[in-house]
Amino acid sequence: MSSMDPKALRSRVENISTIPTIPSVLKQLSTIIENPKISLNEISHFVSQDPALTTKILQMVNSALYGFPGRISSVNHAVMLLGLNVVKGLLLSVSVFEIMHKAMIGLREHSIGVAIASKVLARKKGLKEPEEVFVAGLLHDVGKVILTLSWPEEYDRTVRDAEASGIAIFDAERRHFSETHAAVAGWLAEKWHFPAKLCECIANHHRPQTSSLAPLETSIVHMADVLVKARGLGYSGDRLVPDVNPKAWETLGLSEEDLREILKELEDSVEQTEEEYKA
């Protein structure tokens, strides 16, 4: 496949329920949360009907990864405590983790690392809702999963092209698909009615200088992505460690001591969650 028409690509991605390789639980969940009037009770009821999904969401929110060890005993409790947007993001994350591992070995570990680093950075910068930035970190590379499931052979060629050419995966994606995984993830975030700021974090994590609604949050996810790649946690389609965007660095205003503290907390948290999320 030569470079795809962006409109055709977006249309295929947004019709996620028609992609035959998408697991049924993700199709059902996508349909549920596409409703902009969905309530917390409806989300809770949907999850409660699926014992496996219930177990996964409670495992995540009670793990060291999220930071509520042993305190949340039901889906209702999770929904009330964390809010609709965070729970939607966590549900999508646990639904794609298994296929993420199959789609690209190491991508799940990378995504968890970016989520943890995003939350640490968000707290460091005093954000009132670090959980939403955590969700953006979890979902920032979900576009790679969708591209892999929709065009498996072409995306495999894309990854091999990036490795062979020594270029970043998003540059290889532009060669093969006209758009990047970040754009794909941003389209899905909009389709799933996430807040505009959260959509922007996800869609612009490789180009934080373009963020107008959430420059700080987008810079956080960008920096988290760079730090996780620099530490070699997981794999996300290439082995390159990108430069920190100058605008993001200026926006964050971090010191060397801040970076040391963030990396220490990141590594401690990743160690605690490795066993919990092994396939």
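Does GLU109 qualify as being more than 18 Å from ALA189 (Cβ to Cβ), part of a helix (DSSP H, G or I), at pLDDT 80 or above and among the acidic types (Asp, Glu)? Even if it seems obvious, please write down each step before you answer.
Working: more than 18 Å from ALA189 (Cβ to Cβ): yes; part of a helix (DSSP H, G or I): yes; at pLDDT 80 or above: yes; among the acidic types (Asp, Glu): yes.
It is true that GLU109 is more than 18 Å from ALA189 (Cβ to Cβ), part of a helix (DSSP H, G or I), at pLDDT 80 or above and among the acidic types (Asp, Glu).
So, THR218, is that one among the hydroxyl-bearing types (Ser, Thr, Tyr), more than 19 Å from ALA8 (Cβ to Cβ) and touching a residue at least 12 places away in the same chain (Cβ under 8 Å) or not?
Considered against the rule, which asks whether it is among the hydroxyl-bearing types (Ser, Thr, Tyr), more than 19 Å from ALA8 (Cβ to Cβ) and touching a residue at least 12 places away in the same chain (Cβ under 8 Å), THR218 comes out as yes.
Which one of these does MET80 not meet: (1) in a helix (DSSP H, G or I); (2) without any contact (Cβ under 8 Å) to a residue 12 or more places away in the chain; (3) over 22 Å from LEU188 (Cβ atoms)?
(2)
In region 146-168, how many residues are in contact (Cβ under 8 Å) with a residue 60 or more places away in the chain, surrounded by fewer than 23 Cβ atoms within 10 Å (Cβ to Cβ) and either assigned to a helix (DSSP H, G or I) or among the basic types (Lys, Arg) (or both)?
Selection size over region 146-168: 7.
Please find, within region 200-218, the residue that is surrounded by the most Cβ atoms within 10 Å (Cβ to Cβ) out of those that are in contact with a Phe, Trp or Tyr (Cβ under 9 Å, 6 or more places away or on another chain) and under 27 Å from GLN28 (Cβ atoms).
ILE202
Any idea which residue in region 118-145 is nearest to SER255 (Cα to Cα), counting only those that are of a type outside the set (Gly, Ala, Ser) and not in a helix (DSSP H, G or I)?
Among residues in region 118-145 that are of a type outside the set (Gly, Ala, Ser) and not in a helix (DSSP H, G or I), the one nearest to SER255 (Cα to Cα) is LYS125.
Go through THR21, THR54, THR31 for me and flag whichever is within 29 Å of ALA182 (Cα to Cα) and at pLDDT below 75.
Going through THR21, THR54, THR31 in turn, just one is within 29 Å of ALA182 (Cα to Cα) and at pLDDT below 75: THR21.
How about region 226-258: which of its residues are small (Gly, Ala, Ser), in a loop (DSSP other than H, G, I, E, B) and loosely packed, with under 15 Cβ neighbours inside 10 Å?
GLY232, GLY253, SER255
Scan region 189-196 and tell me whether some residue there is buried (at least 21 other Cβ atoms within 10 Å of the Cβ), of a type outside the set (Phe, Trp, Tyr), under 26 Å from VAL61 (Cβ atoms) and modelled with pLDDT under 95.
yes
The values are calculated or read from the model by the stated rules, or taken from the named source; none is laboratory data. These figures come from a predicted structure and were not determined experimentally. Glycine gets a Cβ as well: all are built from the backbone with ideal geometry, and neighbour counts include every protein chain shown.
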